[in-house]
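See below for the structure under consideration.
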Amino acid sequence: MKRREFLSMTGMIAAAGVASPMLSSCCEDSKGNVNLKNITRKYETDVLVVGGGPAGVCAAVAAAREGVNVMVVETAGFLGGMATRSLVGPFMTCFDADGEQMIIKGLFEEVVDRMVAKGGAIHPKDVRATTPYSAWITAGHDHCTPFEPECMKVVLDEMVEEAGVKVLFHTNFVEPIINDGRITGVVIANKAGMQIVNAKVVIDCTGDGDVAYRSGVPCHFGNDKGKPQPSTAFFHINNVDYKKLEADVEKHLHEFRKVDGVSYRALHWWVAEAEKNGEWDIARKSVNIYKCVKPDEWCVNCSRIQNVDATDPESMTKGEIEGRKQIQQLMNFFHKYVPGCENATLMASGSHLGIRESRHIEGDYILTAEDLLSAKMFEDSVFVTASAVDVHGSGGGMKTQYTPLTAGKWYGIPYRSLLPKGVEGLLVAGRCLSATSDAAGAIRVMPPAMAMGQAAGAAASLAVKNSVTPRGVDVPELLDVLRRQKVFLGE
Ligand SMILES: Cc1cc2nc3c(=O)[nH]c(=O)nc-3n(C[C@H](O)[C@H](O)[C@H](O)COP(=O)(O)OP(=O)(O)OC[C@H]3O[C@@H](n4cnc5c(N)ncnc54)[C@H](O)[C@@H]3O)c2cc1C
């Protein structure tokens, strides 16, 4: 059976209602034909969210709170994606470009408030730029949110449980089931074998656009040369004499600068020393080290691994190994050079390499950096943000294009950018939305990813309730749902 036929055949099997547990088997013979012998289980849901990262959790909760059945399938054993799996943090700013007003609200704000109540986050109103919580960075780093990944895992579990979302961990999306140009479900795989989830609407929150890509949606990888932003293996350290560390950096604050696109920020004076001694070969000139909720715990965003293709396991394997090598080099650097870090302990590294960029799907609207930087609003803006364009590795390994918004207080993200071309019944939310590489470089950060998820979830619930496809959702009605769900729409 050829792949296309396989997809429609799996649809037929699902329709026939194969539910009894049996030995599952799906293999490809030497001619590339696929044999799907058995499916061990079949699930039915209104909305299926693939990927339980920042976007996926918000999509699931937003939809479930509107009264539809929701299921999430997630590869890891917990929710949160990069925030928990890769230890990425803090949340970048959720305030307007002047740092005056919190503009990403809704479920993002609820997650933050719940973590603050548990002592697992510091509210962004209390976190300012040019402080240890923002790695002493000024532009774009006002009102970040430091949080503890372990606290986030618990809060997200609570939120999906309260909303009645069915979550299936340790489960991978395999293939879409497409009937007459509409996605009607997906094949998933886990320790129990291959299963089917039939859904009225599917939301792709995999970060890499896995569902969209396999459904035939046009996608492009990385920038216009096909290159992704570099990857980073995040890690946390503790046992730091933070007073000594902070005093050392603050003594050098006046030396922070950008030269020919390369940032010289915290600890660049020690990096120069280590370079001279042949003990530094990472493609960065300084260390982004963010103070966490506990004063002696720090989140390190510094390793730099070029040309990792997150959609290719061979490339990911090399990237993970290189990331761990760079973490060892960085730990040696902290111990030998950095005041206050002589006895620093490596608490944990991310269990998944931090991926800034992979596929971008093509949707009904392709968002551009010009849209963002001109503070454009759209009739179908489903949330607003002021995230700066932040493209690492652009124009050379060490260079970063960082362009904050100056033309206004915020810009809008149109619903059409969540609607992939070429297939019905599918929404996409998170870093792989329909945007150019530069625009995605701005809205890939977690607060907008969560707002995007919420918008997609609310839209999916309306599509189910009104028996339309996501493309047929009435935009004013969607905006009303989002307002009721406490999303700020810039009004
Ligand atoms: C190095 C780096 C630094 C960053 N710095 C910051 C920062 O300081 N602040 C900030 O706010 N943001 C930052 N970001 C951006 C941010 O972390 C991500 O862009 C954001 O997490 C995207 O959210 P998402 O939900 O789209 O994707 P992800 O967080 O990647 O979540 C996707 C989820 O889908 C699951 N999944 C993927 N494929 C499948 C599949 N086939 N089947 C089942 N499940 C699947 C994954 O396990 C994961 O849980 C950074 C990112 C990186 C990589």
- [ ] Restrict the check to the stretch 176-195 and report whether at least one residue is of a type in the set (A, V, I, L, M, F, W, C) and under 18 Å from the mean Cα position of the chain (by Cα).
- [x] no
TODO: State whether one or more residues within the stretch 142-150 are part of a helix (DSSP H, G or I), modelled with pLDDT of 95 or more and near the ligand (Cβ under 10 Å from one of its atoms).
DONE: no
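Matching residues to (1) assigned to a helix (DSSP H, G or I); (2) more than 16 Å from the ligand (Cβ to nearest atom):
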site	(1), (2)
Gly430	no, no
Gly441	yes, no
Met452	yes, no
Ala455	yes, no
Ala460	yes, no
Val468	no, yes
Glu477	yes, yes
Asp480	yes, yes
Arg483	yes, yes
Open item on the list: Condition first: within 10 Å of the ligand (Cβ to nearest atom) and either within 9 Å of Val73 (Cα to Cα) or acidic (Asp, Glu) (or both). Now tell me which residues in the stretch 166-182 satisfy that.
Closed with: Leu168, Phe169, His170, Thr171, Asn172, Phe173
TODO: Identify the single condition in (1) away from the ligand (no atom under 11 Å from the Cβ); (2) part of a helix (DSSP H, G or I); (3) buried (at least 24 other Cβ atoms within 10 Å of the Cβ); (4) not basic (Lys, Arg) that Pro448 does not satisfy, given that it satisfies every other one.
DONE: (1)
Open item on the list: Just to be sure I understand, how many residues within the stretch 150-179 are buried (at least 19 other Cβ atoms within 10 Å of the Cβ) and farther than 23 Å from Ser86 by Cα?
Closed with: 5
Open item on the list: Can you pull out every residue in the stretch 353-374 that is surrounded by fewer than 21 Cβ atoms within 10 Å (Cβ to Cβ) and touching a residue at least 40 places away in the same chain (Cβ under 8 Å)?
Closed with: Glu362, Asp364, Tyr365, Ile366, Thr368, Ala369
TODO: Could you grab me the full set of residues in the stretch 299-350 that are part of a helix (DSSP H, G or I) and either within 18 Å of Leu267 (Cα to Cα) or modelled with pLDDT under 95 (or both)?
DONE: Gln326, Ile327, Gln328, Gln329, Leu330, Met331, Asn332, Phe333, Phe334, His335, Lys336, Tyr337
- [ ] Identify, from the list Tyr242, Tyr290, the residue that is in contact (Cβ under 8 Å) with a residue 40 or more places away in the chain, hydroxyl-bearing (Ser, Thr, Tyr) and more than 16 Å from the ligand (Cβ to nearest atom).
- [x] Tyr242
Open item on the list: Given the options Ile122, Ile103, name the one that is closer than 22 Å to Ser381 by Cβ, modelled with pLDDT of 95 or more and either surrounded by fewer than 22 Cβ atoms within 10 Å (Cβ to Cβ) or among the β-branched types (Val, Ile, Thr) (or both).
Closed with: Ile103
Open item on the list: Six or more apart or on different chains, Cβ atoms under 6 Å: show the pairs whose first residue is in the stretch 52-65 and under 17 Å from Gly209 (Cα atoms) and assigned by TED's automatic domain parsing to the domain that holds Lys465 and whose second is within 11 Å of the ligand (Cβ to nearest atom) and acidic (Asp, Glu).
Closed with: Gly52/Glu74
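The values are calculated or read from the model by the stated rules, or taken from the named source; none is laboratory data. Note that the structure is a prediction, hence the values are computed from the model and not measured. In this analysis, Cβ positions are derived from the backbone assuming ideal geometry, glycine residues included, and neighbour counts consider all displayed protein chains.
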